[in-house]
Structure formats: C-alpha cells, structure tokens
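S.K.: Please find one structure pasted underneath; my questions will follow.
The values are calculated or read from the model by the stated rules, or taken from the named source; none is laboratory data. Note that the structure is a prediction, hence the values are computed from the model and not measured. A quick note on method: Cβ atoms are made from the backbone with ideal geometry, for glycine too, and the neighbour counts reach across all protein chains shown.
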C-alpha cells in the first residue's frame, strides 16, 4: 500500500498558483526527494501535506486515509512528522529535554493522566527518559545533552531538529533542507545518519534539498517541480540526464 499520496494537489494564494495539480506518492521505507529551483513550490507542498495550509483543490491520503484539510497536530499524531527550513526548536530547553518533548507527543496521553501522575504516567516517563538517552547516543548528541538548544552550532541544531522528529515515532519523515548551511563534513555526516535512520527505524523519508550531491546519494526516486508543476519523476540517474530538469535549473541560474 502507498504510504503517502497526493492527487491533483493545488494551492492558490489569491491570483498566484503556487502548486498546480501535483500527483506525488511515497512508498513505505522509501526515500523520495522533492527538488526544484528556488520558488518552485516545494515548501508549499510540504505545508499543504502537513496541514499548515489547506489545499485549494486535490486530495491527500496517508496510509489510505483521507487527511485533506486536517490540522497539523491531527496529521502528526497519525505518524507524519516534519522538520522546517529554519531550526524550529525549544530554544531555552536542553538537548535532552527537546528530544523528550518529541517522545511525549508520541505517547498521546490525556491531560488528566499526566496531571495526576498515575503509575502508567510514571512508567511512561521512565520509558521516555530511556528513549531520549538512546536516541541521543544513536545520533551522537549525548555529549551535548545538557546544552541549551539555542546555544548549539548550526549543524547540531539541524541534527537536533531531526532527533525531535524521530522521537515522535513517525512512519513518514518530511525533511525540509536538512543539510542547508552545513559544511561538507557535516553534510556527509547527516546523509549517513539519515540512511541509518531509514534502516534502523524503518522510516520513509520525503526530503526537500538543494544539495544535489546529497539528493543523488540518498534518494531512491526524485520528483522535480518547477513553477508549481511536476516536470519530471524517476531514478536519480534519469533525473540527472533529463533535459527538462537541466533546463529548469540552468534557466534559474542553478545547475545540477
């Protein structure tokens, strides 16, 4: 069964069509890249899929369920979690606490259960602490676990954003430019980490990224959009040699 599917996804802002009738699908366990020149509509697609924007037309299905127009929280609790271009973290909390918050969101406990600190809640807290510790070790963040998030270098903040998303126990992880602003060494480390996350956590990934070396390394399939429309789709080698894709990038001053 297809994990995520959009059918005729369209988003207009007044007279501007940012996304026009885009069909997109992600299979379980797949890494799908969504690429295109700046302003092509990639982040708008993410925002519509995750409920930040409501689509003007079209449908979105996750695990066969129609999630079109549902709230971001309702979508996240179903197992579809995203990161953002900017480092969206709890800036005054420590690395450990940021990851723990993600774990709490995955528990879906009711307010009264947490308020009265039942035996079940105490057990959950112990499990969350254990999980946060294991995830920090897995991602190589354990040595900065007590550091405040906003004091971390850029690369660590990007990594922490991924850690918080993974802590939410997603089935599909949407990553918006995860290696943007990283050094080549940091970028290579993040690519290796994402491939490990996919393998160890059985998570499918939909990724927006301008770093073509990263895209060609990690993606199973690539979807290309330009001016809000899908212009190509296929394997990395096919996309690299596609004349429409080359023209779109060269025409915008960007090259593959």
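Every residue, every condition in (1) more than 10 Å from residue 228 (Cα to Cα); (2) loosely packed, with under 15 Cβ neighbours inside 10 Å; (3) at pLDDT 95 or above, yes or no:
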{"position": "5", "(1), (2), (3)": "yes, no, yes"}
{"position": "15", "(1), (2), (3)": "yes, yes, no"}
{"position": "24", "(1), (2), (3)": "yes, no, yes"}
{"position": "42", "(1), (2), (3)": "no, no, yes"}
{"position": "49", "(1), (2), (3)": "yes, no, yes"}
{"position": "53", "(1), (2), (3)": "yes, no, yes"}
{"position": "60", "(1), (2), (3)": "yes, no, yes"}
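S.K.: Go through 52, 26 for me and flag whichever is farther than 23 Å from residue 246 by Cβ and touching a helix residue (DSSP H, G or I) at 6+ places or on another chain (Cβ under 7 Å).
M.R.: Answer to the check: 52.
S.K.: Got a sec? Which strands (runs of 3 or more DSSP E) wholly within the stretch 165-239 have at least 1 residues that are modelled with pLDDT of 90 or more, under 12 Å from the mean Cα position of the chain (by Cα) and surrounded by 16 or more Cβ atoms within 10 Å (Cβ to Cβ)?
M.R.: Output list reads 172-176, 204-208.
S.K.: Looking at the structure I just gave you, is residue 12 over 18 Å from the mean Cα position of the chain (by Cα), in contact (Cβ under 8 Å) with a residue 24 or more places away in the chain and part of a strand (DSSP E or B)? Break it down stepwise before answering.
M.R.: Numbers: over 18 Å from the mean Cα position of the chain (by Cα): yes; in contact (Cβ under 8 Å) with a residue 24 or more places away in the chain: yes; part of a strand (DSSP E or B): yes.
Here the answer is yes, as residue 12 does meet what is asked.
S.K.: A further question follows. Residue by residue through the stretch 193-214, note down the ones that are more than 20 Å from residue 3 (Cβ to Cβ) and touching a strand residue (DSSP E or B) at 6+ places or on another chain (Cβ under 8 Å).
M.R.: Residues satisfying the conditions are 210, 212.
S.K.: Still on this structure, I have one more. Could you list, in sequence order, the residues of the stretch 55-84 that are assigned to a loop (DSSP other than H, G, I, E, B), within 20 Å of residue 98 (Cβ to Cβ) and touching a helix residue (DSSP H, G or I) at 6+ places or on another chain (Cβ under 7 Å)?
M.R.: Selection gives 83 alone.
S.K.: Is it the case that residue 99 is at pLDDT 85 or above, part of a helix (DSSP H, G or I) and surrounded by 19 or more Cβ atoms within 10 Å (Cβ to Cβ)?
M.R.: Values: at pLDDT 85 or above: yes; part of a helix (DSSP H, G or I): yes; surrounded by 19 or more Cβ atoms within 10 Å (Cβ to Cβ): yes.
Judged against the criteria, residue 99 is a match.
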